[in-house]
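Shown next, in C-alpha cells, is the structure this report addresses.
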Amino acid sequence: MRLVRIGTAAVSVKVGDFAWNTGRLRVVIEAAKEQGVHLLVTPELAVSGYSLEDRIFWPEIAARSWTELEHLAKACDGISVFVGLPVRIEAMMYNAAAFIHNGRLCGLVLKRHLPTYSIFYEGRNWTAWAGGVTQVHGAPAGDLVFRAPYGAVTAEICEDLWSTSSPARERVLAGAEVICNLSASPFTPRKNEERKRLVCGAAASLKCAYAYANLLGCDSSRLVFDGGGLIAMPDELVCEGHILSKKSWTLASAIVDLDEIARVRAENTTWRLDAAARNGIGKTQTIDAADPPFVPAPVDLYAAQMPSSFYIGDLKPRKADRDPWLDELFDALVIGLRDYFEKVGAFKRFLVALSGGRDSALCLLMAVEAAKALNEGQDADRYADRVNAVYLPNRAYSSKATESAARGLARELGVPFRVISIHEEADIALRKAAEMAGGEDLVAPTARQNLQARVRGAMMLNWANSVGGLLLVTSNLSEAAVGYTTTGGDNEGGYSPIANIPKTIISRLLGYLARRDGIRAIEKILAIPPSAELAPDQLDETDLMPYAVLDDLLYLYARRRLALADCWRILCRRHPQHPPEQLREWTANFAVRFAANQWKRDQHPVSMKVMELDLDPKTGFRFPVMQSIQHELDALKQADWE
C-alpha cells in the first residue's frame, strides 16, 4: 500500500501583509510535519492575500510574493506543499499554485478559469492560462504534473473545479493521481455542502484523490471565507475539516492509499480507454521530484480512520434543536466582524446604538461574540471591555417598550449600557431645518423624521472618534432594497455587518439564537412590531408592506431577475391571504423604490457579504443609478392572473 497522508490547511490572511501571511504558513507547515503529512495544500493566493483586486497592478506585489515563496521553500524540507501566489509573465498577471517538494520549488500550475460573475471580477486583473508550459524566474509553469516519491500530483485553482471544462481531466489522463485545489471560495450558508458534492464528484469521475483547501476569515473587508478542507477518494469523502473556525488557521489530514487509485483505474475500462486515446496528446508536462525515498504513513493510523462498517456509512446524528443553516450564518457574521476589527487595526471597541429593535439587537449579539473571539479567544473573559451600547431616545416618539427591551438585552449580555437623550438636539435640528426651509410647515414629513436619525448618527460618530470605536451600522438588506434608511443617519458608521441579511432572516435568526443560547431578552424584542420610531405610532410594515412580501419580491426581482408581472403572479400563490390587487400595488411600490434608491446603496458603508442575494455594487450588484423601469410597471399594470 502507498499510504500517503494529505493535509489541507485553512488560513486567515491579510492583503499585502507578507510577514503576517508567510508567518502563518510556516506555522501550518511545521504542524503538518509534526502530523507526518506528506503533501500539504494551502489556500489560493495565501502568500499575497486575497482579494488583491487592483492592488495586483503594483509591481512589487508579484516581486515580493516571489521573494517570500523562495524563503518559504526553505521551511518545506521533508514535505511537499502547494502554495498560492501571483506571478507576472511579461505584462500578464497569473494566479499560481507553486509546488515545493523537500525544500525545492519544482514548478507552478497556473489558473485557467477566471470567474467574472456575482462578486467576482477576476477578468479585470488576471490573465487566464491558455495551456502549455512556460517559465517563471527559471521555473516551469503552466499545465504540470509532479512525480513525487509517493505518486503523481497536480493542482487546479478554485474556479477550475467549478468549470464545465476543468483542467484536472487532462492532468489525470497525463498520470496525476492526486488533484490539489487551492481555493478562496466565499461563504454562504451550507455552501460547503455544495463543495463536498463537487469534490466527491471530481474524485469519482476522474478516479483520483482530490484535496481541497479554502481560505479562512474576512478578506480585504467584504467577503467571508469559511475555511474547512476536504479530501476525497473515488468512493468516499475521507476528511472534512471544521468550517468557520475562529482560529487563525486549521489543519485537517487523512491517509489515502494511492495504490487504490491505480487499482480503480486499472479496473475501469472507460478511464483506460480515455488515457490510451490521449497517448501523449495534450499540453501537460511531467516534472520529476522523486527524492527523498518515500516512507509510508503507518498502517494502524490508516486502519483507525476507516468506518466501523464498510457497508453502512457512519452517519453523524443531527441535533434536533440545531439549525445548521442559521448556525453557519451567525458564525460567519461573527468571524467577518471580528476579522474586520482585528485586521484594520484601528479600533479599540465595538459601538452599537441599541434601539430595542431587531437589527441593533443582532448587531449587539454579533459584537459580543466577536469581542469574545478577538485574539483567538484568549481574552474572551474581558469581552465587556470591548463592547458599548447606548439608547438614544427622543421623548416625542421613543417608547418605554423599546428602552426596556434594549436595557434588558444589554444586561443579559453583560455589556455597558447608557441612555442618552436626543430631545434637545432634535428640537434644535428641527428649528434649523425650519429656518432653512422658510418655516416649520415647509419641513417635509420625511425630513422631520430623518433629522432625528441624523442627530443620532452624528452623536455616535463623534463618540466613535473619542473612544476609538467601530460604529456598527444596523441597516438590513430589506431596508436597503427600498431606501428605508436615512443617508447621514442610520446608514452612517464604520462597518455594516447585517446589510446583506433580509429582515425576515434577521427575525428568524434572533428567534433561533434566543432558543439556542437561552437569551430571554430577545423574546421581548421580537414581541415589538418593527418600527423606526421616527413618527407617532409608526410601523415599518405600514410604511412599506409586510416584510415577508417585501423579501419575496427582493429575491424574485433582484436575484431571479423575473419580470414584475411574474413576481406578482408568484406572490399571489405564495401569499393568498392578501388580495391580488393589494399585491400588485405592493409590487409596483417595491419596484419604484428599488430603482429610485440605487444612489443610496452606492454610498452605503462597507458591508459584509454572506448571502447569494447581494445589493452591494462593490461585490457584485451593478445596477444603474439612472434608468427607467416604466415599461415593466406598465406590463405589471396590465398583467393577468395566469
>> Using 10 Å bins from zero, what percent of all Cα-Cα pairs in region 522-642 falls into each bin?
In response: 11, 37, 36, 15, 1
> Within region 509-526, whose backbone N sits under 20 Å from a point 7 Å along Cα→Cβ of Glu541?
Replying inline: 509-514, 522-526
> What relative contact order, as a whole-number percentage, does region 371-513 give when Cα pairs under 8 Å and 6 or more residues apart are counted?
Replying inline: 16
> Between Arg322 and Glu435, what FRET efficiency follows from the Cβ-Cβ distance if R0 is 56 Å, with the result rounded to 0.05?
Replying inline: 0.50
> Tell me, what is a quarter of the convex hull surface for the C-alpha atoms of region 3-304, in nm² with one decimal?
Replying inline: 14.2
> With each run of n ≥ 4 DSSP H residues scored as -39500 (n - 2.57), what mean residue ellipticity at 222 nm is computed for the chain after dividing by its residue count and rounding to the nearest 500 deg cm²/dmol?
Replying inline: -12000 deg cm²/dmol
> What is the extension gain from Val625 to Ile428, computed as 0.36 nm multiplied by their sequence separation minus the C-alpha to C-alpha distance, in nm to one decimal?
Replying inline: 67.5 nm
> Of Phe310, Phe590, how do they rank once you tally other Cβ atoms within 10 Å and put the fewest first?
Replying inline: Phe310, Phe590
>> I'd like the Kirkwood hydrodynamic radius of region 1-124, using the inverse of the mean 1/r over distinct C-alpha pairs, in Å.
In response: 14.9
>> Using the Kirkwood radius over C-alpha pairs as Rh, can you work out the diffusion coefficient of region 324-638 via Stokes-Einstein at 25 °C, viscosity 0.890 mPa s, in µm² per second?
In response: 120
>> Quick one: the Cα spread of region 60-218 along its three principal axes, in angstroms, biggest first?
In response: 39, 37, 31
> For region 581-642, what size does the Cα cloud have along each of its three principal axes, sorted from largest down, in whole Å?
Replying inline: 40, 25, 16
> What is the ratio of the Cα radius of gyration of the chain to 2.2 N^0.38 Å, where N is its residue count, to two decimals?
Replying inline: 1.07
> In nm, to one decimal, how far is the Ala380 label point from the Glu30 one, both placed 7 Å along Cα→Cβ?
Replying inline: 2.5
> Which three lengths, in whole Å and largest first, does region 313-439 cover when its Cα atoms are put on their principal axes?
Replying inline: 76, 35, 28
>> Please list, by residue number, everything in region 50-81 whose backbone N is under 19 Å from a paramagnetic label point 7 Å out along Cα→Cβ of Val133.
In response: 81
> Can you give the Rg to Rh ratio of region 181-272, both from alpha-carbon atoms, with Rh computed by the Kirkwood formula?
Replying inline: 1.06
> Can you give the relative contact order of region 3-304 as a percent, counting alpha carbon pairs under 8 Å and 6+ residues apart?
Replying inline: 22
>> Could you tell me what a quarter of the Cα convex hull surface of region 336-382 works out to, in nm² with one decimal place?
In response: 3.4
> By counting other Cβ atoms within 10 Å of each Cβ, how are Thr486, Thr134 ranked from fewest to most?
Replying inline: Thr134, Thr486
> Looking only at Cα atoms, what is the convex hull volume of region 108-199 per residue, in Å³?
Replying inline: 118
> By count of other Cβ within 10 Å, fewest leading, how are Glu642, Glu425, Glu376 ordered?
Replying inline: Glu642, Glu376, Glu425
>> Longer than 32 Å from Cα to Cα, which of Lys246/Lys400; Lys400/Lys618; Lys247/Lys283; Lys14/Lys600; Lys111/Lys600 are they? Say none if no pair is.
In response: Lys246/Lys400; Lys400/Lys618; Lys247/Lys283; Lys111/Lys600
> Relative contact order of the chain: what whole-number percent is it, with Cα pairs under 8 angstrom and at least 6 residues apart?
Replying inline: 12
>> Compute the distance from the alpha-carbon center of region 472-510 to that of region 219-276, in whole Å.
In response: 38
> Rounded to the nearest 5, what is the percent of antiparallel bridges among the DSSP beta bridges in the chain?
Replying inline: 55
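Only the coordinates and a few stated rules stand behind these numbers; no lab work does. These numbers were taken from a predicted model, which means no experiment stands behind them. Glycine gets a Cβ as well: all are built from the backbone with ideal geometry, and neighbour counts include every protein chain shown.
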